[in-house]
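Laboratory data are not the source of any read-out in this text; all were calculated from the coordinates shown. What you see is a predicted model; the values in this text were computed from it and never measured. Here the Cβ is made from the backbone with ideal geometry for all residues, glycine too, and neighbour counts use every protein chain on show.
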Amino acid sequence: MTGTDWDAYVDRYHAGHPGITERALHHARHPVHGTAYEWLAAALPDPAGDVVDLACGSAPLQPHINHATYLGIDRSESELSAARSAGRGPVRSGDVTDLHLPDDSADTIVMSMALMLVPLSKTLTQVARVLRPGGTFAAIVPAAGPVLARDLPALIALSAALRGPGSMPRMLTAKSLHRQLNQAGLTPHTAGRQRFPFPVSSQRDAQLAVTSLYTPGRTARQLRRAETWLRAMPGGTELPVPLLRITARRP
Ligand SMILES: C[S@@+](CC[C@H](N)C(=O)[O-])C[C@H]1O[C@@H](n2cnc3c(N)ncnc32)[C@H](O)[C@@H]1O
């Protein structure tokens, strides 16, 4: 949606819905790869050493990483409180474009579902600065695919109810990320996409599916309509959550 003040929208959204991304991604379990967090953690070195989790939200990644030390950073106080309440951390308030961390101080930097929200070049420059030589950066972001032919009815219903798909400040591709990683002095290592199935078999599932989308400019009525239409799909339905996972190394 054009004209959205994304920073303000994302801050308001996470203040009102702490832990929402974690709830949604735990619901979307892949039969082989498990949750998106397990899939991301599987791409990390084991052990992962000193780990920094950028835009950590409620820190759902922490339990999946074999770390020596862990530090989560996010600028949403509500998300950080959710992380602390879940017994995760340490986490602290900060902006990923201005990390108050020493040069060469992390073995592994992870970033789940946030690279598409932040100024890319500034953030990756910080990643390259804070990573130790030989260190690993790994991230997942929403992707355009893969989706299956059978996903289309639910996607069309959702899009029609919301008068357009859920929105993101920008969609990143492996190609655009590779270019940006190289520019920041990081060496792209792997890139892969997976479709995580999000079952919608109850009103609660439909509510979680719709609430977990960024939907700037949509009315409460449009959101309720999206839930109702999803719920009305014959035989229940499944929404695809297509994700791109990339890894890179600091030379
Ligand atoms: C979609 S959530 C992902 C949270 C968590 N990583 C996960 O996967 O469950 C995006 C997170 O990015 C955080 N965020 C957005 N811009 C940020 C910035 N510039 N600096 C720090 N955190 C930011 C938000 O507060 C929010 O917690």
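Restricted to the range 176-188, and to residues that are touching a residue at least 12 places away in the same chain (Cβ under 8 Å) and part of a helix (DSSP H, G or I), which residue is nearest to Gly135 (Cα to Cα)?
Leu181
Starting from residues that are under 16 Å from Gly164 (Cβ atoms) and without any contact (Cβ under 8 Å) to a residue 60 or more places away in the chain, keep the ones in the range 189-235 and report whichever is surrounded by the most Cβ atoms within 10 Å (Cβ to Cβ).
Val210
Got a number for residues in the range 210-231 being part of a loop (DSSP other than H, G, I, E, B) and under 23 Å from Glu22 (Cα atoms)? Before you say what the answer is, go through the steps one by one.
Going residue by residue through the range 210-231, those that are part of a loop (DSSP other than H, G, I, E, B) are 212-219.
With under 23 Å from Glu22 (Cα atoms) added as a condition, the list becomes 212-216, 218.
Qualifying residue count, the range 210-231: 6.
Spot the failing condition for Gln207; the list is (1) within 16 Å of the chain's Cα centre (by Cα); (2) not in a strand (DSSP E or B), and only one is missed.
Unmet condition: (1).
List, please: which pairs have Cβ atoms under 9 Å, are six or more places apart or on different chains, and start with a residue in the range 163-175 that is of a type in the set (Val, Ile, Thr) and end with one that is part of a loop (DSSP other than H, G, I, E, B)?
Partner pairs satisfying both residue conditions: Thr173/Ala143; Thr173/Ala144.
Kindly indicate whether any position in the range 40-52 is within 22 Å of Pro199 (Cβ to Cβ) and within 10 Å of the ligand (Cβ to nearest atom).
yes
Pairs please, first residue from the range 8-33 and farther than 21 Å from Val200 by Cβ, second anywhere and outside any helix (DSSP H, G or I) and near the ligand (Cβ under 10 Å from one of its atoms), Cβ atoms under 6 Å, 6+ apart in sequence or on different chains.
His14/Ser76
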